[in-house]
1. Being closer than 23 Å to residue B:62 by Cβ and more than 9 Å from DNA strand D (Cβ to nearest atom) is the filter here, so list the residues in the stretch B:1-27 that pass it.
2. Scan the stretch B:63-81 and give yes if some residue there is at pLDDT 85 or above and either within 17 Å of the chain's Cα centre (by Cα) or surrounded by fewer than 14 Cβ atoms within 10 Å (Cβ to Cβ) (or both), otherwise no.
3. Any residue that is among the hydrophobic types (A, V, I, L, M, F, W, C) and surrounded by fewer than 15 Cβ atoms within 10 Å (Cβ to Cβ) - is there at least one of those in the stretch A:93-110?
4. Within the stretch A:47-54, can one find any residue that is modelled with pLDDT of 95 or more and near DNA strand D (Cβ under 9 Å from one of its atoms)?
2 protein chains.
Amino acid sequence: MKIGELAKRTGMAASAIRFYEARGLLKVASRQANGYRDYPEDAVAILAIISDAQQAGFTLDEIKQLLPADVSSWQHDELIGILRRKVADIEVLQTRLAQNKAHIQHLIQLIESKPEDMDCQLNASRVMATLGLHLEP
Amino acid sequence: MKIGELAKRTGMAASAIRFYEARGLLKVASRQANGYRDYPEDAVAILAIISDAQQAGFTLDEIKQLLPADVSSWQHDELIGILRRKVADIEVLQTRLAQNKAHIQHLIQLIESKPEDMDCQLNASRVMATLGLHLEP
DNA sequence: GATAAAATTAAAGCTAACTTGAAGGTCAAG
DNA sequence: CTTGACCTTCAAGTTAGCTTTAATTTTATC
């Protein structure tokens with residue numbers, strides 16, 4: 001499969017695929033007689049993994065660790081370690097997001113419960129005060 | 001207060017504070033006779049808001065919308081709109097994070113439940129297959 | 001055989017959010 | 001009056017993750 005087809009099948013830009021190769025995420029593709037890269041079917045799955053891992057919040061460098069050139073060389077413990085750490089990271093993010101969401105909702109409440117006769121200036125100050133008081137831990 | 005003190009009190013670098021001013025997030029600071037920036041106490045609170053908003057996932061441009069130079073000019077409806085959109089964004093993120101977490105945990109399960117006599121190669125393939133089958137929507 | 005579509009490379013460009021560096025003014029201490 | 005900490009500006013550098021451009025070759029199509 002040439003890079004164009006691989007690009008279409010993965011939804012990635014050919015430039016991105018070459019970029020991944022340059023970064024060492026993809027093992028260097030074999031070449032056809034004309035010099036064009038020639039990919040095996042597997043490449044689609046590997047790029048899918050890269051794309052998924054990225055959506056899961058892994059950086060390209062982390063993904064590189066996760067995907068040694070030789071798939072059979074995956075290190076059980078190392079892999080598990082990386083995955084566990086990522087779960088921990090996600091949990092931290094979840095907590096932060098929940099706090100931020102609660103916070104913003106609190107702000108919305110505050111702003112909406114503004115007495116109709118309160119002027120903008122005062123309301124703004126009230127909001128400011130709240131931000132100052134509650135946003136920081 | 002000079003920029004150095006403000007930096008210390010907010011935990012930000014002076015360069016970052018100047019950067020925010022250049023980006024229009026902070027109103028241009030008044031100057032002392034010698035040309036040094038001179039900040040009022042309020043600046044600490046404003047920088048705290050910027051920092052918090054950032055942690056909440058707002059970009060500097062969004063924060064700029066949230067923080068008009070003149071606090072009293074906050075537009076009720078506009079502000080509410082921005083906040084609601086941010087809550088929606090956070091909810092999308094929460095869903096994705098939950099999915100990613102579940103996914104990674106599933107992988108950990110798969111890898112850990114590997115029969116002791118299965119060789120690495122096979123296990124790797126199994127993991128690969130799982131990734132291919134389940135990571136994409 | 002002429003085009004157009006697709007491939008190659010290396011290098012430069014882009015966005016975000018800053019930091020760093022250069023070159024220099026200001027100020028308190030000794 | 002010199003040293004060093006702190007301030008100024010402006011320009012350029014940094015990291016991530018790609019994209020764009022340019023110059024060139026190959027392949028497919030009319």
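The values are calculated or read from the model by the stated rules, or taken from the named source; none is laboratory data. Remember, it's a predicted structure, so these values are computed and weren't measured experimentally. A quick note on method: Cβ atoms are made from the backbone with ideal geometry, for glycine too, and the neighbour counts reach across all protein chains shown. Note: areas computed on protein heavy atoms with side chains; ligands, DNA, RNA excluded. Shrake-Rupley method; radii C 1.70, N 1.55, O 1.52, S 1.80 Å.
1. If the condition is that a residue be closer than 23 Å to residue B:62 by Cβ and more than 9 Å from DNA strand D (Cβ to nearest atom), then B:10, B:11, B:12, B:13, B:16, B:20, B:23, B:24, B:25, B:26, B:27 are the ones that fit.
2. If we filter the stretch B:63-81 for residues that are at pLDDT 85 or above, which is where we start, we get B:63-64.
Subset that is either within 17 Å of the chain's Cα centre (by Cα) or surrounded by fewer than 14 Cβ atoms within 10 Å (Cβ to Cβ) (or both): B:63-64.
Within the stretch B:63-81, one or more residues are at pLDDT 85 or above and either within 17 Å of the chain's Cα centre (by Cα) or surrounded by fewer than 14 Cβ atoms within 10 Å (Cβ to Cβ) (or both).
3. Taking the stretch A:93-110 first, the residues among the hydrophobic types (A, V, I, L, M, F, W, C) are A:93, A:97-98, A:102, A:104, A:107-108, A:110.
After this cut, where a residue has to be surrounded by fewer than 15 Cβ atoms within 10 Å (Cβ to Cβ) as well, the list is A:98, A:102.
Looking for residues that are among the hydrophobic types (A, V, I, L, M, F, W, C) and surrounded by fewer than 15 Cβ atoms within 10 Å (Cβ to Cβ), one finds at least one in the stretch A:93-110, hence yes.
4. So the first thing to find is which residues in the stretch A:47-54 are modelled with pLDDT of 95 or more, and the list is none.
No.
Conditions tested, residue by residue: (1) within 14 Å of another protein chain (Cβ to nearest Cβ); (2) within 11 Å of DNA strand C (Cβ to nearest atom).
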| site | (1), (2) |
| --- | --- |
| A:3 | no, yes |
| A:8 | no, yes |
| A:12 | yes, no |
| A:15 | no, yes |
| A:20 | no, no |
| A:28 | no, yes |
| A:31 | no, yes |
| A:49 | yes, no |
| A:55 | yes, no |
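Let's see how each residue does on (1) assigned by TED's automatic domain parsing to the domain that holds residue A:63; (2) closer than 20 Å to residue B:49 by Cβ; (3) more than 35 Å from the chain's Cα centre (by Cα); (4) at pLDDT 75 or above:
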| position | (1), (2), (3), (4) |
| --- | --- |
| A:96 | no, yes, no, no |
| A:103 | no, yes, no, yes |
| A:108 | no, yes, no, yes |
| A:122 | no, yes, yes, no |
| A:130 | no, yes, no, no |
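Per-residue answers, yes or no, for (1) open to solvent by 70 Å² or more (accessible area, probe 1.4 Å); (2) farther than 28 Å from residue B:93 by Cβ:
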position	(1), (2)
B:19	yes, no
B:22	yes, yes
B:25	no, no
B:28	yes, yes
B:33	yes, yes
B:36	yes, yes
B:43	no, yes
B:46	no, no
B:49	no, no
